[in-house]
1. For A:K23, A:K208, give the ranking by accessible area with the largest first, probe 1.4 Å.
2. Hey, which lysines would be in cross-link range of A:K403, C-alpha to C-alpha under 30 Å, not counting anything within fewer than 8 residues on its own chain?
3. As an exercise, use a Förster radius of 51 Å and the Cβ-Cβ distance of A:L247 and A:L43 to find the FRET efficiency, rounded to the nearest 0.05.
4. When you count, for each residue, the other Cβ atoms within 10 Å and take the mean per peptide, how do A:325-332, B:37-44 rank with the highest first?
5. With viscosity set to 1.567 mPa s and temperature to 4 °C, compute the Stokes-Einstein D of the range B:11-125, Rh being the Kirkwood radius across alpha carbon pairs; µm²/s, no decimals.
6. Using modelled amide H (1.01 Å from N, peptide plane; none on Pro or chain starts), what sits under 5 Å from the amide H of A:L163, excluding residues fewer than 5 places away?
7. Once you have all Cα-Cα distances for the range A:248-308, histogram them in 5 Å bins from zero and send the whole-percent values.
8. Could you tell me what percent of the accessible area of the range B:11-125 is made up of carbon and sulfur, with a 1.4 Å probe and every protein chain present?
Amino acid sequence: MATKEGEGEVKKIVTEEEKTFAKNFNIMDLADIPTGLPPHLQLQRTRVLCKNDAPIHTASVVYSGAYNGVGVDNSVKLENFSENFKVDVIEISNDGMELTFDMIGIDAASYNVFFFVFTMQLPTMAFEKVFIANNTSIVQDEVLAQRMGLVPIAADPKLFEYLSENDQPNEKNTIVFKLHAKCAKGEGRKKVLTKELIWLPKGSELVKESGDPNSKPKTYTSVSRSQEESFPEFTDNPITPSYPDILIAKLGPGHEIELEAHAVKGIGKTHAKWLPVATAWYRMLPEVILLREVEDEDTERLVEACPEKVFDIEDMGNGRKRATVAWPRNCTLCRQCVRENYGEEVKIEGIQREKWIENVALRRVKNHFIFLLFAFLSVKIESTGSLPPDVLFTEAVKILEDKCERVIANLS
Amino acid sequence: MEHGSFTNDSDASFTLAEEDHTLANAVRFMLNQDPRVTLAGYSIPHPSLECVNVRVQTTGDPAREVLKDACQELMLMNRHVRSVFDKAVSEFKVEQARLAAEEEEKKKAEEEAIKKQRDLLASMDIESD
């Protein structure tokens, strides 16, 4: 377009198309503009950085409006969660009692909740009352009772009801076991193992003392039907402790123990004897990143430093070696690889060695948890109604759902 | 139990009886994720008393509705977790069973091969005799 002298501007014809395009144009739509959080903020949000002295950025950024200044929505909607959530089972042991799995895409708060419910709110059966008729062993009554309480019992707690203070103990809420062990004079020391505990399906055999000599003798449980009949699971499968070889007491010659123990349903929160698991722990997935190429002499030092064999040497040909991260999962964050004076030779010429902490970055992924569960053997393998860890986990989540429902019901 | 005001229902404190960190932390987390919420927190007044105070402040919506929605979402999230977990465990077990079956087949094949070799050697010996 020709410009006349004196006129400052060039006249342009603007079409309708261009007008709408200009109105709808958003600079963030361009292909090469990065969306989402800037990388350093994303690092802070999703990783725990483990420095030499202490980890930083450990708190998870939960508030939905935390990144409003940068224009990023931090809220987690249910659809996004459902898409991103994954569970990877790593290992189930042969007897099904040990379970290792990964949970990806869930936050520490939610994860901790499952853990809480799993250990403290899941019911199991354990001895609560121990009626000691005769105890001449060197183990005191109360110590014996405490030991009995810790013995795990292989019975599915779902079949039983809770026993409260006002209830009578009956076949629906109590399991009765008897123990009668004797060591005759002249014998050596005898071990009392849990396999000597005998199940009494018809209830207690100990008679309560009552002042009236004519009334029918009452026992400590009011059992109307034998448990063998009322629970089909136990008809041919007597209830036993989970492991037959747990040592309860030791008897010298002439000592005797005669007792009856009643097991009831309870949760781990009340007392640790009702914990359903032997070990349950979780950790965040460790991430080990080499920030710069570690070559030649340094590779030896790095590979030797790590006690968990996280690093490995890669031959690049020409006699040159390079270190790579082979099994980051094994990292326990012992920080040996970034410790300053581990196996270092003193450099005489005064060349400043770069600090190891700048070469290796130890991090933990905040959304990725490794969970290990090891449960007590709850029922013998042949019978039904077993409670391996995966079933326990499902039960725990159900309990949490019930709690939520209760709150919702109360609010409405 | 809700402690709020009659005029402004966007801010309220709730007392949940017979609860502890288990539910309170989870609910607090879900509340924080909701964009309608400006403040969400919980406290336990005394560890011997089994009760939790949850404080919710929103941008206008009634606090009780927001809390209900958070609990709903928590429930749905739990259901999803449960289903994904069950599926993963059953798939893993199927995979393990399949691998175990494959290994057994391999072993059988090897044993058969060894047997055949032995028979062959035995027959060769007989012939040489």
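1. Numbers: A:K23 165, A:K208 80 Å².
These residues rank, largest area first, as A:K23, A:K208.
2. Filter leaves A:K77, A:K86, A:K129, A:K158, A:K172, A:K265, A:K269, A:K273, A:K366, B:K68, B:K87.
3. 0.45
4. Working: A:325-332: 15.5, B:37-44: 17.2.
Highest to lowest by the protection proxy: B:37-44, A:325-332.
5. My calculation gives 69 µm²/s for D.
6. A:K265
7. Computed distribution, short to long bins: 3, 9, 10, 10, 8, 8, 8, 6, 6, 7, 7, 6, 5, 4, 1.
8. Numbers: 3580 of 6690 Å².
Whole-percent figure for carbon plus sulfur exposure: 54.
The values are calculated or read from the model by the stated rules, or taken from the named source; none is laboratory data. These numbers come from a predicted model, not from an experiment. Cβ: placed from backbone, ideal geometry, glycine included. Neighbour counts: every protein chain shown. Note: accessible area is taken over every heavy atom of the protein model, side chains too, but ligands, DNA and RNA are not part of it. Shrake-Rupley method; radii C 1.70, N 1.55, O 1.52, S 1.80 Å.
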